[in-house]
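Let me begin by presenting the structure, written as structure tokens, before commenting on it.
Nothing in this text is a laboratory measurement; each read-out follows from the coordinates by a stated rule. Predicted model only: the values in this text are computed from it and were never measured. FYI the Cβ positions are ideal-geometry reconstructions off the backbone, even for glycines, and counts take in every protein chain you see.
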Amino acid sequence: MPKCKNCSQNFIIEKEDFDFYEKMKALAPSYCWECRMQRRLVHRNERTLHKRTCSKTGKSIISLYPENTPWPVYDAKVWWGDDWDGKDFGMDYDPSRPFFDQWIELRNRVPRINLLVINSVNSDYTNNAEDNKNCYLIFAAQQNEDSLYGRLIYRNKNVMDVAFVADSELCYEGIDLRQCFRVMFSESCETSSDLLFCFDCRDCQNCIFSTNLRHKQYHIYNQPVPKEEYEIKKKQILTSYTELVKAKQEFAELKNKAMVKYSHQVKCHNAVGDYLFNCHDVWYGFDSENAKNCKYIADAEATIDCYDMNNTYYKPELNLDIMGSLQSNNIKHSTYLMYCNDVEYSDSLHNCNQCFGCAGLKKSSYCILNKPYEKEEYERIKVLIIENMKKEGVYGDFLPPTASPFGYNESLANEYWPMKKEEALVKNFRWQDAASGQFGKETIPVANMPEIIDEVQDSILNEILVDETTGQNFRITAAELAFYRRMGIPLPRRSFETRHQDRMRKRNPRKLWKRTTQDGKEVMTAYAPDRAEKILSEEAYQNAVE
């Protein structure tokens, strides 16, 4: 049983794992699955945006990178242009130097794109986003319209302050919603409409403070009520910010008494993990849908026959240890590969094949450290590099933390494995001191904020507000104000980032424990043994819900 090089915990490698590594012509990992995922996620910055200048044009741009980076950063239109070529930065491999030293030297010379946005319209302040229209501050998002402040949201319209929401419309402060309409302050609901403070409801309409309901309408506290009573209760909750705060506290207590299935799974077979939809033969999977024959994946869509994958979409197949990928095959230990095949230890490649140790290439083949070769020479040098990396003891590991272009505190790793600066630096993670955000400039103190939305004038758009918990300043946008008025919701007293962190704390961690359910079944669950919820097996849960 190997011992993790990072946390020193023993971990198990199953026989089928060795079979997969052999098929991929890869070595078995030397880190446990959690440390492997952490090392990948430190290479992903989703929500920390900076103002800086384009290194080529001098134009002011929004970027993932502050002004103090050693590498150039290009505006997206410039980066995709034809007047520069990543191969112009090509380097000869030097067998006398560590490979990663040479790779980082190359990476620091090649221009990086300011944001990862594809085919979006009027959605400048988004990242890791595609095919969005009229959206603002949404991340890991695809095919949304008129939506604001969200993460991992797909195919939605007019949603705001949501996370892990798909195919929904006019939803607010929702977590893990699918096919919902006018659902607010609710979690883990599907195919429902007009819900307020509901948890785990399916095919329900016009319900308030209810949990575990199926095929119900006009319910409050899980009891049927006349339509008039429902309308009065809804109006009372939304009448003021003070009433809304009381409702949030009541909902938190209500959820603790709800029936809880050991895992959030829908239409899954032989799956171990949490927040899975239509997954088959998936082990240690999180926040994934339509995945098959995979292990150790998260934020994945239609991933097939892959291990150790984060944020990968469009049917990637036969991949290993990847952070960020679209429709790529047979790639290993790399980040942000789009439509690529047969690539190792590379970053930010698009439509490339047969590349090793490259960065920022487009439509290229048979390149090492961005230098093109004939096929036979490419294969010879590649073998030499791999043999030398094995001698260095680094082949088979992901790109090192020191190679990440982001500080640990601005990476997605910090969301699941939070660290202080001193601890991160000891573990060789970088740290970003160029903090974003503004403090002490508010023009309206929290005590003077309007209690009800009807009191809010358009002049609020010119004011600077202050987060009641962190003191960070924030503003209300015109689209945001229009949404609050349309939905009858009081203005928030917390910034987007604080609201996001509040949502994430309500979700289960990406960890699994072996536990026994209330009905005596052995399961792997993301509900820690010391939590208050009493978990049920699939069978007991289905029999218990109304």
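Observations, loosely collected:
- Dimensionless Rg over Rh [segment 365-431; C-alpha; Kirkwood]: 1.16
- Sorted by Cβ density within 10 Å, fewest first, the residues I331, I304, I489: I304, I489, I331
- Dipole orientation for the chain: of the candidates N293, Y21, N428, N428 has the Cα lying most toward the positive pole (charges on Cβ; Lys, Arg +1; Asp, Glu -1).
- Over all pairs of different C-alpha atoms, segment 156-258 has a mean inverse distance whose reciprocal, the Kirkwood radius, equals 13.1 Å.
- Counted over the chain, the DSSP beta bridges are approximately 15% antiparallel.
- Helix 241-256 axis versus longest C-alpha principal axis of the chain: approximately 70°, rounded to the nearest ten.
- Only beta bridges with both residues in segment 314-414 are counted; by DSSP, about 10 percent of them are antiparallel.
- Residue exposure proxy: V165, V245, V110, V42, ordered by other Cβ atoms within 10 angstrom of their Cβ from fewest to most, comes out as V245, V110, V165, V42.
- Only Lys, Arg (+1) and Asp, Glu (-1) charged, at Cβ; segment 446-505 dipole about Cα centre in debye: 280 debye
- Diffusion coefficient, µm² s⁻¹, Stokes-Einstein with Kirkwood Rh over alpha-carbon pairs of segment 1-148 at 25 °C and 0.890 mPa s: 132 µm²/s
- Positive-pole candidate from V162, I220, Y172, dipole of segment 156-258, charges at beta carbon: I220
- Along its principal axes, segment 285-374 has C-alpha extents of 39, 17, 17 angstrom, given from the largest down.
- Antiparallel bridge percentage (DSSP; both residues within segment 156-258; nearest 5): 5 percent
- The alpha carbons of segment 446-505 occupy a box of 30, 21, 18 Å along the principal axes, longest dimension given first.
- Segment S459-W513, extension gain: residue separation times 0.36 nm, minus the distance between their alpha carbons: 14.3 nm
- Cross-link table K56/K362; K295/K375; K315/K362, entries beyond 23 Å C-alpha to C-alpha: K295/K375
- Compared with the rule-of-thumb size 2.2 N^0.38 Å for a compact globular protein, segment 205-307 has a Cα radius of gyration ratio of 1.46.
- The charge dipole of segment 147-253, taken about the Cα centre with unit charges on the Cβ atoms of Lys, Arg (+1) and Asp, Glu (-1), comes to about 160 debye, rounded to the nearest 20.
- Proportion of all alpha-carbon pairs of the chain beyond 32 Å (%): 47 percent
- Ranked by how many other Cβ atoms sit within 10 Å of their own Cβ, fewest first, the residues I444, I386 fall in the order I444, I386.
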